[in-house]
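I have a structure here, written as C-alpha cells, and I will follow up with some questions on it.
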Amino acid sequence: MPAHKNNFPWMSYYGHYKFFEERMREHNKVKEVRHVNPSFYHIELKDGKVIKTFVCECYSFDVAEYIEVCQELGEVDAVVISSNWCGYSPGVKRYCMNRGVGVYDIRGFMAAINKRNYWEYLTEDEKEKFEENGWI
Amino acid sequence: MKIYGFGSYFSSKTSYRDIDILIVHESDACEPCMKAIEVKRNILNEIEGANVSILSKSAEEYFNFVSTSHAILLGTVDENDFLSSVDKIVSDVAAFRAT
C-alpha cells in the first residue's frame, strides 16, 4: 500500500480522490460535485441540499481528527474515509452523529445520501456496535 | 495522556522514512482532544519528520493500534505541565537512535 500523508488533511498518496468523485457523479441523488479544495467537496443533491464533505485517508480517524478538520475548514456535514486500509472509530461516528455530521467509508456515504437524515446512517456492523454500547 | 512510538524509526536498526508517534488520550470529550491536538503540534514543531496520530483510549482499544503496530511507550504527559513532558519525550526520541 502506498503511504498516505499522516498529518492534516491526510491526503491520499496520489493527491486526488478520483474514485470518490466518479462514484458521486454516478449517484442518482447527486446533481453536482463541486471541488472546493483537494480534500473538500460540496456535494449538491437533486433536492437542493448541499453536503459539505471532507475526504481523507486518515489511518484511524477519531474525535481529535474531526476537531482538527473543523479547526481547519470550519463546520463540515460529512467525513468520508476514502481508503479500505483506513478506518474510523465508533466513538467518532457517534460524536459526529450527535452533531448532525456523518462519518463513513465511500460505500456508506453512497447509501447514506439516499436517506433524508444522512448523518444517522449506520452499517449493520455499526448498528450492532451501537447496540452493544447502549447508544441506540 | 500517553505517547507511543511505532514504525521503522523504532523497530528497524537501519533505515527509516519518518518518525511515527501516537498520542492516546483518556476520553472523547472535547477538552482532552484539544490538549492532544496541542501536544501533537508541539511534537510536530520539535521533531523533524514526525507523523503524529491521535486516538482516544477507547479508539485505541477498538483499533488495537498499540499491539498491532508494536508501538513502544515513550512516556506519559502531565496535562497540567505538558511542555516539560513533551521536551523529555522529544529528547528520548532523539536518543533512541543514538543508543
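Does the range A:105-123 contain at least one residue that is touching a residue at least 12 places away in the same chain (Cβ under 8 Å), open to solvent by 60 Å² or more (accessible area, probe 1.4 Å) and touching a helix residue (DSSP H, G or I) at 6+ places or on another chain (Cβ under 9 Å)?
Yes, because at least one residue in the range A:105-123 is touching a residue at least 12 places away in the same chain (Cβ under 8 Å), open to solvent by 60 Å² or more (accessible area, probe 1.4 Å) and touching a helix residue (DSSP H, G or I) at 6+ places or on another chain (Cβ under 9 Å).
Can you report the number of residues in the range B:48-67 which are modelled with pLDDT of 95 or more and more than 10 Å from chain A (Cβ to nearest Cβ)?
3
Now for a different question. Do any residues in the range A:61-72 that are facing chain B (nearest Cβ under 7 Å) and assigned to a helix (DSSP H, G or I) have Cβ atoms under 7 Å from those of residues that are surrounded by 22 or more Cβ atoms within 10 Å (Cβ to Cβ) and not small (G, A, S), where the two are at least six apart or on different chains, and which pairs are they?
Matching pairs, first to second residue: A:V63/A:V92; A:V63/B:C33; A:A64/B:C33; A:A64/B:I54; A:E65/A:C58; A:E65/B:I54; A:I67/B:C33.
Criterion first (free of Cβ contacts under 8 Å to residues at least 40 places away in the same chain, out of contact with any strand residue (DSSP E or B) (no Cβ under 6 Å at 6 or more places or on another chain) and within 14 Å of chain B (Cβ to nearest Cβ)) does A:R99 satisfy it?
yes
Now for a different question. Search the range B:44-89 for residues being surrounded by fewer than 15 Cβ atoms within 10 Å (Cβ to Cβ) and of a type in the set (A, V, I, L, M, F, W, C), and hand back the single one that is farthest from the chain's Cα centre (by Cα).
It comes out as B:L83.
Would you check which residues across the range A:20-39 are in a helix (DSSP H, G or I) and surrounded by 14 or more Cβ atoms within 10 Å (Cβ to Cβ) and list them?
Listed by number, the residues that qualify are A:F20, A:E21, A:R23, A:M24.
The values are calculated or read from the model by the stated rules, or taken from the named source; none is laboratory data. This is a predicted model, so every value here is computed, not measured. A quick note on method: Cβ atoms are made from the backbone with ideal geometry, for glycine too, and the neighbour counts reach across all protein chains shown. Areas reflect the complete protein model, heavy atoms only, side chains present, ligands, DNA and RNA absent. Shrake-Rupley method; radii C 1.70, N 1.55, O 1.52, S 1.80 Å.
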